[in-house]
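Here's the structure, in structure tokens; my notes come after.
Quick note: the coordinates plus some simple rules give every number you see, no bench work behind them. Everything quoted here is computed from the prediction, not taken from an experiment. Cβ sites come from the backbone with ideal geometry, for glycine too, and all protein chains shown count toward neighbours.
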Amino acid sequence: MKIISLESKVTVYDDRSELAEDVLHLIHEAENAAQRAYAPYSKFQVGAAILMNNGKVVTGNNQENAVYPCGICAERAAAFAASSQYPDVPFNKIAITAINPVSPLTQPISPCGICRQALFEYEEKFNQPIEVILTGQEGPIYVLQSIAALLPYTFHAGFLP
Ligand code: THU
């Protein structure tokens with residue numbers, strides 16, 4: 001037997017002043033998207049902003065429903081909007097943030113498993129890593145080089161017949 005051990009690198013920025021202009025802009029777009037979320041049930045507003053290779057930014061936010069499973073996360077709302085508007089354009093970066101109205105988030109939000117899987121599909125489709133920028137309402141900013149870094153042992157199209 002053997003043990004496989006994985007390493008996941010995260011660049012941690014303690015202050016927004018350390019970030020490049022395009023990253024800061026993308027975070028602002030995600031924050032604005034979070035403000036527009038439809039989250040009457042959880043009250044947890046999530047925003048995502050995707051910078052496409054053509055320079056366009058496509059945003060999404062969580063959309064909830066009285067039938068809870070009908071709702072969708074911000075990341076998938078953004079990814080599906082981006083892919084439907086620009087089907088041939090790779091995703092370059094995604095910024096994700098959230099607003100907790102009760103107790104402001106002091107740590108970066110992290111995308112759920114379904115959203116990781118959904119985003120991974122576009123990384124595979126274009127064979128280009130998507131930089132992932134994670135923030136809370138305050139505190140550090142995490143940057144990862146790819147969705148794959150967030151989703152080891154991924155289910156991928158290669159398994160299918
Ligand atoms: N949510 C997202 O939009 N993205 C995530 O990464 C985690 C959770 C949404 C789903 C639901 O509307 C609310 O946040 C609470 O789970």
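Structure notes:
- The distance from the alpha carbon centre of region 26-101 to that of region 132-156 is 15 Å, rounded to a whole number.
- Three-way shape call for region 1-114 based on the alpha-carbon gyration tensor, with the a/c threshold at 1.5: rounded
- Computed over the chain with a Gaussian network model linking Cα atoms closer than 10 Å, the most mobile of Glu121, Glu131, Glu18 is Glu18.
- Over the chain: helical MRE at 222 nm, DSSP H runs n ≥ 4 each giving -39500 (n - 2.57), nearest 500: -8000 deg cm²/dmol
- Fewest-first sequence of Ser146, Ser110 by Cβ atoms within 10 Å of each Cβ: Ser110, Ser146
- Sites listed here are chymotrypsin sites (Phe, Trp or Tyr not before Pro) in region 1-109 whose DSSP assignment is loop and whose Cβ has at most 15 other Cβ atoms within 10 Å: Tyr41.
- Ordering Val67, Val132 by the number of other Cβ atoms within 10 Å of each residue's own Cβ, fewest first, gives Val67, Val132.
- Beta bridges from DSSP with both residues in the chain: antiparallel share about 80 percent, rounded to the nearest 5.
- Within region 67-161, none of the trypsin sites (Lys or Arg not before Pro) combine a DSSP coil assignment with at most 12 other C-beta atoms in a 10 angstrom radius.
- Think of each Lys and Arg Cβ as +1 and each Asp and Glu Cβ as -1; about the Cα centre, that makes the dipole of region 1-87 roughly 400 debye.
- Taking every alpha-carbon pair under 8 Å whose residues sit at least 6 apart, the chain reaches a relative contact order of 23 percent.
- Residues whose placed amide H lies under 5 Å from that of Asn92, excluding near-sequence neighbours: Leu51, Met52, Asn53
- A straight Cα-to-Cα reach below 29 Å connects Lys93 with the lysines Lys9, Lys43, Lys56, Lys125, residues fewer than 8 places away in its own chain not being considered.
- Burial ordering of Ile50, Ile109, Ile72, fewest other beta-carbon atoms within 10 Å first: Ile72, Ile109, Ile50
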